[in-house]
Amino acid sequence: MSKITLENMEFHAFHGCMEHEQVLGNTFIVSISMMMDTQLAGQTDKLEHTLNYQLVYDVVKEQMEIPSKLIEHVGQRILDKIMNKFPQIQALEVCLSKLNPPLGGKVSKVTIDLKKVR
């Protein structure tokens, strides 16, 4: 079993409960860790024997473009879509951070980590 990680994908998106978040948006960072068998890909050097990371990125980008009030909701959508689209993934972790959340004080980010195992 191998762990493949797409780290620190950055998006400007419009997630949040406050009106200004939905209008101005904010910066979000997403990291995805996928557990899967990569032994055949390691032997053959063929893309069809592993996961095309571009397709995973496209799923994350698509979900980040859909405005939501809660990062919990966005993270769950990303988790579910990736698990449904890529059956070769045995376990998945999604880490979603909102930078500089409007909490009335200095907070660098708020993060949710979600995990799912087949």
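Worth a mention:
- Label point of residue 85 set 7 angstrom out along Cα-Cβ; within the range 33-60, amide nitrogens under 19 Å from it belong to 33-37, 47-60.
- Residue-wise HN-Hα coupling along the range 11-25, computed from phi with Karplus coefficients 6.51, -1.76, 1.60 (Hz; x: Gly, Pro): 9, 9, 9, 10, 9, x, 8, 7, 4, 5, 5, 6, 9, 8, x
- Angle between the chain longest axis and helix 71-85 axis [Cα atoms, degrees, rounded to 10]: 20
- The simple spin-label model puts a point 7 Å past each Cα toward its Cβ; for residue 61 and residue 4 those points are separated by 1.7 nm.
- Within the straight-line cut-off of under 23 Å between alpha carbons, the lysines reachable from residue 98 are 61, 69, 81, 106, 109, 115, 116, sequence neighbours fewer than 8 places apart in one chain being disregarded.
- Part-to-part distance (alpha-carbon centres) for the range 74-118 and the range 2-46, which is given in Å: 8
- Note, ³J(HN,Hα) from phi for the range 102-111, Karplus 6.51, -1.76, 1.60, rounded to Hz, x at Gly and Pro: x, 10, x, x, 7, 9, 5, 6, 10, 10
- Hull-based mean projected area of the chain, where the convex hull spans the alpha carbons, in square nanometres: 7.3
- Under the Karplus curve 6.51 cos²θ - 1.76 cosθ + 1.60, θ = phi - 60°, whole-Hz ³J(HN,Hα) for the range 50-60, x wherever Gly or Pro sits: 9, 9, 7, 4, 4, 5, 5, 4, 4, 5, 4
Every read-out reported here was derived from the displayed coordinates using simple, explicitly stated rules and does not represent laboratory data. What you see is a predicted model, and the numbers here were worked out from it, not measured in a lab. Quick reminder, even Gly has a Cβ in these numbers, built from the backbone with ideal geometry, and neighbours come from all protein chains shown.
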